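Comments concern the structure below.
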Amino acid sequence: MTNWRTYDRVAETYEAIHAPRFAAPAKDLVAEAAIGDGERVLDLGTGTGLVAAAALDAGARIVGIDESTAMLHVAHRARPTLPLVAADVIDLPFRPMTFDVAIGGFVLAHFTKPDTALFDVLRVLKPRGRVAFSVWADRQPDAFEQAWEELVTTVVPPRMLTSAAQEAVPGRERFARRESLQEVLYDAGIRNVRLERKRYQFSYRRDDYVEGLGVWARGRFLRDMLGDAGWASFLERARADFAQRFPDPLQDFRDVTFAIGAKE
């Protein structure tokens, strides 16, 4: 049985719907990390390879890792030149002081034990090696998220949804706050931390946006709970509801915080 917490069942949807939009923050993350030609770079939680591809374009010698083999399979098909490894961040299969830079796009919040994960990340970095992460910034839910929440809570109690989201992405709320993000990185031994915030506008076809919501933690949990037939029925109802409420296409605004620092 597939574990709903992983991205294995939604890898194709992620690549088709979200990857074209998230390519922009991936390129910006690489730029913020000031990755230079020939540097050895480790992309943590590479997913379908967006950040790794941006680092490769910048001239890096890149390796992307992810624990989801389905995401890596899609990454290999979509970006076949990327070196990819199935691995967990808390047990990196690399020797100490291997990389110049460790980078991670929207992965930090997924770490169950960020201190343990960052300890191993720093282990494989060279002295004064750099780290760079992007995280979703703190903000109020928009009208689209509120509409989705209303629909989802007709079939799942809010408390159960909150628990599921916390289980799948334990650091989502914590790392959305600048102070918490900076504190965790500093406690791990990362110095000269710089935080930059940027707003993005993602345009989605309305039906694509609704389908793409199934990629995130609450959507994965709901799909697992309802089964394929029930999930298809729920998506049909959600599309109809969004069609009544919102124009097509949807303009989704998101704030991203980039955190850049160096090994002590």
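Tally the residues that are assigned to a helix (DSSP H, G or I), of a type outside the set (D, E) and either surrounded by fewer than 23 Cβ atoms within 10 Å (Cβ to Cβ) or modelled with pLDDT under 95 (or both), restricting the search to the range 27-45. Counting residues in the range 27-45 that are assigned to a helix (DSSP H, G or I), of a type outside the set (D, E) and either surrounded by fewer than 23 Cβ atoms within 10 Å (Cβ to Cβ) or modelled with pLDDT under 95 (or both) gives 2. Every condition in (1) crowded, with 23+ Cβ neighbours inside 10 Å; (2) in contact (Cβ under 8 Å) with a residue 24 or more places away in the chain holds for T69 except the one numbered (1).
Among the residues of the range 244-264, count how many are outside any strand (DSSP E or B) and under 26 Å from V193 (Cβ atoms). Reasoning before the result, please.
Kept after step one, since they are outside any strand (DSSP E or B), are these residues of the range 244-264: 244-249, 264.
From what's left, under 26 Å from V193 (Cβ atoms): 264.
Qualifying residue count for the region: 1.
Sort out which residues of the range 1-16 are of a type in the set (A, V, I, L, M, F, W, C) and either buried (at least 20 other Cβ atoms within 10 Å of the Cβ) or farther than 25 Å from L56 by Cα (or both), and write them in order of number. Reasoning before the result, please.
First, pick out the residues of the range 1-16 that are of a type in the set (A, V, I, L, M, F, W, C): 1, 4, 10-11, 16.
Within the range 1-16, M1, W4, V10, A11 meet the criteria.
Out of curiosity, is A33 free of Cβ contacts under 8 Å to residues at least 24 places away in the same chain and more than 25 Å from L222 (Cα to Cα)? Spelling it out, it is not the case that A33 is free of Cβ contacts under 8 Å to residues at least 24 places away in the same chain and more than 25 Å from L222 (Cα to Cα). It is to be established whether one or more residues within the range 19-36 are within 21 Å of V135 (Cα to Cα) and in contact with a His (Cβ under 8 Å, 6 or more places away or on another chain). Scanning the range 19-36, I find no residue that is within 21 Å of V135 (Cα to Cα) and in contact with a His (Cβ under 8 Å, 6 or more places away or on another chain), so the answer is no. Scan the range 182-204 and tell me whether some residue there is farther than 24 Å from D8 by Cα and in a loop (DSSP other than H, G, I, E, B). Yes, that holds for at least one residue.
For the range 77-125, a tally of residues being closer than 15 Å to G47 by Cβ, in contact with a Gly (Cβ under 8 Å, 6 or more places away or on another chain), assigned to a strand (DSSP E or B) and not small (G, A, S) returns 2.
The values are calculated or read from the model by the stated rules, or taken from the named source; none is laboratory data. All values reported here derive from a predicted model rather than from experimental measurement. Note that we place each Cβ from the backbone using ideal geometry, even for glycine, and neighbour counts take in every protein chain shown.
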